[in-house]
1. Which of the residues belonging to region 206-224 are assigned to a loop (DSSP other than H, G, I, E, B) and closer than 19 Å to Gln116 by Cα?
2. Specify which of the listed residues (Ile29, Ile107) is aliphatic (A, V, I, L, M), crowded, with 17+ Cβ neighbours inside 10 Å and in the same structural domain as Lys225 (by TED's automatic domain parsing).
3. Every residue in region 48-81 that is without any contact (Cβ under 8 Å) to a residue 40 or more places away in the chain and among the small types (Gly, Ala, Ser), please.
4. Given the residues Leu177, Leu172, which is the only one that is modelled with pLDDT of 95 or more, in the same structural domain as Asn133 (by TED's automatic domain parsing), under 22 Å from Val101 (Cα atoms) and under 21 Å from the mean Cα position of the chain (by Cα)?
5. State all residues of region 232-257 that are more than 21 Å from Lys206 (Cα to Cα), at pLDDT 85 or above and either more than 33 Å from the chain's Cα centre (by Cα) or among the hydroxyl-bearing types (Ser, Thr, Tyr) (or both); if no residue qualifies, say none.
6. Could you check, for region 129-150, whether at least one of its residues is over 18 Å from the mean Cα position of the chain (by Cα), over 21 Å from Lys195 (Cα atoms) and in the same structural domain as Pro180 (by TED's automatic domain parsing)?
7. Between Ala41, Ala54, Ala81, Ala68, which is of a type in the set (A, V, I, L, M), touching an Asp or Glu at 6+ places or on another chain (Cβ under 7 Å) and not assigned by TED's automatic domain parsing to the domain that holds Asp131?
8. Do we have Gly113 as on the phi > 0 side of the Ramachandran plot and either under 19 Å from the mean Cα position of the chain (by Cα) or buried (at least 16 other Cβ atoms within 10 Å of the Cβ) (or both) here?
Amino acid sequence: MCAYLDDARLKAVKNLFPDIVTTKDYREILQNPKIDAVCIATPTNTHYKFSKEALEHNKHVLCEKPLAMTAEECLKLKDLAEKQRKFLMVGHIFIFNPGIVELRNYIKNGELGKVQYAHSERTNLGPFRYDVNALWDLAPHDVAIFNYLFDSCPVNVSARGQKCLGTSLEDLAFVSLEYPGNILVNIHVSWLDPKKIRQITVVGDKKMVVWDDLNSAGPISLYDKHVERTANYYESYGEFQLLSKVGSITIPNIAFSEPLKLQAQYFVDCIERQTPPTLVDAHKGYEVVKVLCAVQRSIDQNGMPVTL
C-alpha cells in the first residue's frame, strides 16, 4: 500500500505496480492490521512525526535518513520502538553499497595499515531543497559511512558553511571530524558545484584507496602507495628523511548490487527472522544525528570546535 498527496505520483506508482493499493491518507496504512511494516520517505522535518505514529500503531519502521532533526527525538523514537517491541531502521543506504563494504574490509583486514586520514566529496549543481540545508541533505550519508568504516563516532567536530545563493539555508559546508586514534576526516558537501562527485579517499601508512561511486571502471581503486623513512639521516636536509613508494593501482572486480534493494531485503529479513537491524538501527541513526547537530552548532558559531 502506498500513500502520497500527489495524484500524478500515485498514478505512476499504480502503473508500475498494478496490484498495489494507493491512498492520499497515510493513516489508512497505519490503521490497516494486515500491514506489519512501513517505509517512510518524506521530508526530513516530518520523520519524527511519522515514525512515532507508525510505532504507536505497532508497525516496524524503515525511515529515510536522517532519523530526526534532533538527537533527543532520535532517543525518543528508539525508546518507543523498544517499548513497542518493533524494529526501527534508518535508511543509511550507503552501508549497503558493495564498494563501501569493500572499503571497510580493506580497513578491517589491515590492507591499508594504520589509517592516517580520510576525506569525502559529495557535490553537484542542485538539486536544491527548502526544508533542510546541504549539510542535513547530503552529509548524513558521509557521517554514516565514516562511523561504519571506523566503528565509532567522532570525538570532536568543526565546520564552516556558506549561504552563497542568498537563502536562509547553507548550500555548502566544509566539515572536519576527529575520530578516535587521531584519524582526521574532512567532508565537503555542496549544492553549488560544477561537477557531480561521490568520492571517498582513505589514506593508510601501507596503502591508499579511493571509492568513486560514479567510476564506470569500478567503484574501488587500491593504490600501492605509501611513505617510508630513509635508512640514512640527513642532518641538514629534513626532506630527504622521507621517501615516497609508488606501486601498482588495482581495480578489484566488485559485483554490482542495487543498494536500495539490499537495504529493503535486509529490513524484510530482520522482521521475518526477528533479528534486530543492528547494522542501521535507531542507535546508529541517533549517532549520526548527534554528529550533525554538533556540526550545525559549529557552523552557527563560525567554525568553533564542538566536543561530542
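The values are calculated or read from the model by the stated rules, or taken from the named source; none is laboratory data. From a predicted model like this one, the values you see are computed outputs, not experimental measurements. We place every Cβ from the backbone using ideal geometry, glycine too, and count neighbours over all the protein chains shown.
1. Across region 206-224, the qualifying residues are Lys206, Lys207.
2. Exactly one of Ile29, Ile107 is aliphatic (A, V, I, L, M), crowded, with 17+ Cβ neighbours inside 10 Å and in the same structural domain as Lys225 (by TED's automatic domain parsing), namely Ile107.
3. Across region 48-81, the qualifying residues are Ser51, Ala54.
4. Of the residues listed, the single one that is modelled with pLDDT of 95 or more, in the same structural domain as Asn133 (by TED's automatic domain parsing), under 22 Å from Val101 (Cα atoms) and under 21 Å from the mean Cα position of the chain (by Cα) is Leu177.
5. Ser257
6. yes
7. Of Ala41, Ala54, Ala81, Ala68, the one residue that is of a type in the set (A, V, I, L, M), touching an Asp or Glu at 6+ places or on another chain (Cβ under 7 Å) and not assigned by TED's automatic domain parsing to the domain that holds Asp131 is Ala41.
8. no
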